[in-house]
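The values are calculated or read from the model by the stated rules, or taken from the named source; none is laboratory data. Nothing here was measured: the structure is a model prediction, and the numbers come from that model. Here Cβ is always computed from backbone atoms with ideal geometry, including for glycine, and neighbour counts include all displayed protein chains. Quick note on the areas: whole protein, heavy atoms, side chains included, nothing else; ligands and nucleic acids left out. Shrake-Rupley method; radii C 1.70, N 1.55, O 1.52, S 1.80 Å.
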Amino acid sequence: MRTPTAALAAALLTLPLIALPGSADTAPTGPGEAPPPMGWSSRSLGCAVTEAAVRQAADALAPLAPLGYRHVVIDDCWLAAQRSGGALAPDPARFPGGIAALAGYVHGKGLKLGLSLSAGAKACAGGGPGSDGSEAADAGQVKSWGVDYVRYDWCAIPTADFPGQNVQQIAQALYPRMRQALGDGVTFAMNNEDGSTVPWLWAKDAGAATWRTNVVSRPLPDSYATMVDVWETNQLRVQYAGPGSHADPDLVQAGRGGMTETEYRTQFTLWAAAAAPLILQAGPAAAPASVVANPKVIAVDQDPLGVPARLVSSDGWYHVLSRPLRNGDRAVVLFNESDRSATISTSLGAGRWRAEELWTGAVASTKGTLSAQVPAHAALLYRVSASREQAPPVVTFEVDPPRFLGDDRPTTLEPGVTSEIVTRVVNTGATSRLRDLRVALNVPDGWQAEPRTPAAAAGLDGGEAFTVTWAVTPPAGAERRNHDLTATLSHAGGAQDGSAVVAVAQAPPPGTSHLGDLPWTAVKNYFGPVEKDTSNGGKAAGDGLPITIGGVRYAKGLGAHAPAEIEYYLAGRCTTVQFEAGIDDEVGSAGSADFEVWADGGRVAHSDVLTGAQPAKRVTASVAGARHVRLVATNGGDNATSDHADFADLTITCQ
């Protein structure tokens, strides 16, 4: 489970509120104001990149060229180790045919070729030479080969040549040299993602088509949590972006396998709303067309106005963004960062609006409110315009909506136990009456779902709600994991699907149990897995030692590495959690952590910071009535390397 980023919500206090549709900011695009580049990068190949692999990628990318995917970018490792007669040369083993021939092949596919160069003494990878001091010659060389795009990296920088200057000043000296040498015919992508160069403050004046917004020099991993962190950082920089100079939060990950399709679609939505480059990292053939080949979403990214989306509202979990488009429309994003479905709403202002959700193509109308239940980790993208079109009203169709403010976990059901699930329909758009409503709830095979209240209604006027309560029972043998529930709403004007995720988990039995013997519902650990009845040990599973704190050995408990979180489902039937907290003796006197117990959304006990030089400390926490308990070990403020945090003799008492 992600923790919401307070910085993003707090940043709203310093940003002007964004008006929704009706912007007058529709100036035409001028010279040098190209849309963000689209294409493919060889980064995933690393130094296994070859001429043949690039040709193969170009073959696979060519069918996507009509959508705008035209750049084939060789990320690194294309250079020979040494210059040839003072000139850049391709690695003869990897690129035996040379770059000019490769550029000709790529151009023959209707595509453009990109290369990486470094502003320093050496390339970032592969051992080739950098362009420091040779900017004019190197620019002339790559242009003579027919290169269309240069990604200028920030490696092996000769800081000693710039006495008394900081990193930003050095970057501002080095980058314009290459930009000027290349001229306007080559796209110039600044890849100085080291945050200390703050490229967003000066990249546009330096002539950069794109500039990286990472705070540290690291590529974007293929994970949802990191992708959202990178988006949040990028969102704090987009105020400096605009036509022809675009904030670059890094590559599109779709097709690499580390995220779900929903999460990949979310990344693509957020990148498109930000007018970010859409450069694929997966092979073009592996990138799912359902994510990367939606022409209406791409049109938002490539809109000639070039103004990125800004936050309209955010509470750290639920975000609304708006972006003005060239023809006076607006792109509006409803993004649910949390781990359960949630309804997100925004006001469009007075008038009648047409709202098309670009991923599904569904068109609706509203008198002012745009609202939808957004699945966990999902983002909906609307194109909104003033219109008198006769479309069905915006309908908010909720399946298992959150039961209280801040409820960010999926609803948990117990196997063999009947629980209530609610569906709710709201005529949000209020442009006409909904008639002949029927709701059906679909559950996994072997489950039972019966309506406890009527599942049909004759009509629903603007602003009215129709709620159905369902009795849902997972079978006794239901797997202890997350499951999908789907629902269908039909009415005289059409149909709409909804969904939610619920978890199946078993609460602890009555009496006092060793909590570590029971299955957790969620876990995070800084290094390696959380171990049962041993210390954390190292990276591998099962490599811990007997739990020992201050010379005292404990037979039962959990061995974690702070920062860590372990969550259990309690069903409101437990009263007390108790354990001995301490840093395991296997790290000596090093390490420090604060051991916390959270019952639902609030902290109910903690140990204060304990170090490896201290004995164990008893922690007792009341969890009466709580649905979930989280055991948390936070870093004590020093390096986390030795924070082997033991929850020794960990017990729970339940009714």
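Kirkwood Rh, the stretch 389-524, all Cα pairs: how many Å? Intermediate values should be presented prior to the final figure.
Working: mean 1/r = 0.0603 Å⁻¹.
That comes to 16.6 Å for the stretch 389-524.
Seen from residue 96, the other residues with C-beta closer than 15 Å to its C-beta sum to a net charge of 0, counting Lys and Arg as +1 and Asp and Glu as -1. Note on the chain: helix-only mean residue ellipticity at 222 nm, from DSSP H runs of 4+ residues weighted -39500 (n - 2.57) and normalised by residue number, equals -4000 deg cm²/dmol. For the pair residue 347 and residue 260 in one chain, pulling the backbone fully straight at 0.36 nm per residue adds 28.3 nm over the alpha carbon distance. Dipole orientation for the stretch 555-630: of the candidates 607, 582, 570, 570 has the Cα lying most toward the positive pole (charges on Cβ; Lys, Arg +1; Asp, Glu -1).
In whole angstrom, how far apart do the alpha carbon centroids of the stretch 587-655 and the stretch 61-76 sit? A separation of 50 Å, based on Cα centres.
Close amide H partners of residue 71, meaning residues 5 or more places away or on another chain with modelled amide H under 5 Å apart, are 38, 39, 40, 112. Sequence-distant contacts, meaning Cα pairs under 8 Å at least 6 residues apart, place the relative contact order of the chain at 9 percent.
What translational diffusion coefficient, in µm²/s and rounded to a whole number, does the Stokes-Einstein relation yield for the stretch 348-396 at 4 °C and a viscosity of 1.567 mPa s, taking the hydrodynamic radius as the Kirkwood radius over Cα pairs?
117
Under 8 Å for C-alpha pairs, at least 6 residues apart: give me the relative contact order for the stretch 263-386, rounded to a whole percent. Display every interim value, and only then the final one.
Details: 260 pairs, mean separation 30.8, N = 124.
Relative contact order for the stretch 263-386 comes out at 25 percent.
Accessible area per residue for the chain is 38 Å², calculated with a 1.4 Å probe on protein heavy atoms, without ligands, DNA or RNA.
Between residue 389 and residue 226, the contour length at 0.36 nm per residue exceeds the Cα-Cα span by 54.6 nm.
So which of 122/539; 122/524; 204/296; 143/296; 122/296 end up more than 30 Å apart by C-alpha? All intermediate terms of the calculation are to be shown ahead of the outcome.
Values: 122/539 34 Å; 122/524 39 Å; 204/296 27 Å; 143/296 34 Å; 122/296 41 Å.
Going by Cα-Cα distance, 122/539; 122/524; 143/296; 122/296 fall outside the 30 Å limit.
Is the C-alpha gyration tensor of the stretch 508-655 telling us rounded, prolate or oblate? Criteria: a/c under 1.5 is rounded; beyond that, a/b larger than b/c is prolate, otherwise oblate. Verdict is prolate for the stretch 508-655. Report, by chain and number, residues whose modeled amide H sits under 5 Å from the one on residue 246, excluding near sequence neighbours (fewer than 5 apart, same chain). Residues meeting the criterion, in which the H sits 1.01 Å from N, are 210, 211.
How about the stretch 44-152: which chymotrypsin sites (Phe, Trp or Tyr not before Pro) there lie in a loop by DSSP and see at most 11 other Cβ atoms within 10 Å?
Nothing satisfies the criteria.
Rolling a 1.4 Å probe over the protein heavy atoms of the chain, with every protein chain left in place, gives an accessible area that is 52 percent carbon and sulfur. Which shape class, rounded, prolate or oblate, goes with the stretch 222-369 when its Cα gyration tensor gives a ≥ b ≥ c as root eigenvalues, a/c under 1.5 marks rounded, and past that a/b bigger than b/c marks prolate? It comes out rounded by the Cα gyration axes.
Taking 22 Å as R0, compute the FRET efficiency from the Cβ-Cβ separation of residue 407 and residue 432 and round it to 0.05. For residue 407 and residue 432, the calculated efficiency is 0.10. Once both labels are positioned 7 Å from their Cα atoms along Cα-to-Cβ, the gap between residue 161 and residue 65 label points is 3.8 nm.
Accessible area, 1.4 Å probe, largest first: how do 155, 77 sort?
Result of the area sort, largest leading: 155, 77.
Of the whole protein surface, residue 345 contributes about 60 Å² of accessible area at a 1.4 Å probe radius.
Does the chain come out rounded, prolate or oblate, given a ≥ b ≥ c as the square roots of the eigenvalues of its C-alpha gyration tensor, rounded meaning a/c under 1.5 and, failing that, prolate meaning a/b above b/c?
On the way: a/c = 2.17, a/b = 1.23, b/c = 1.75.
Oblate, because a/c is 1.5 or more while a/b does not exceed b/c.
With a simple spin-label model that places each label point 7 Å from the Cα along the Cα-to-Cβ direction, the separation between residue 638 and residue 326 comes to 5.9 nm.
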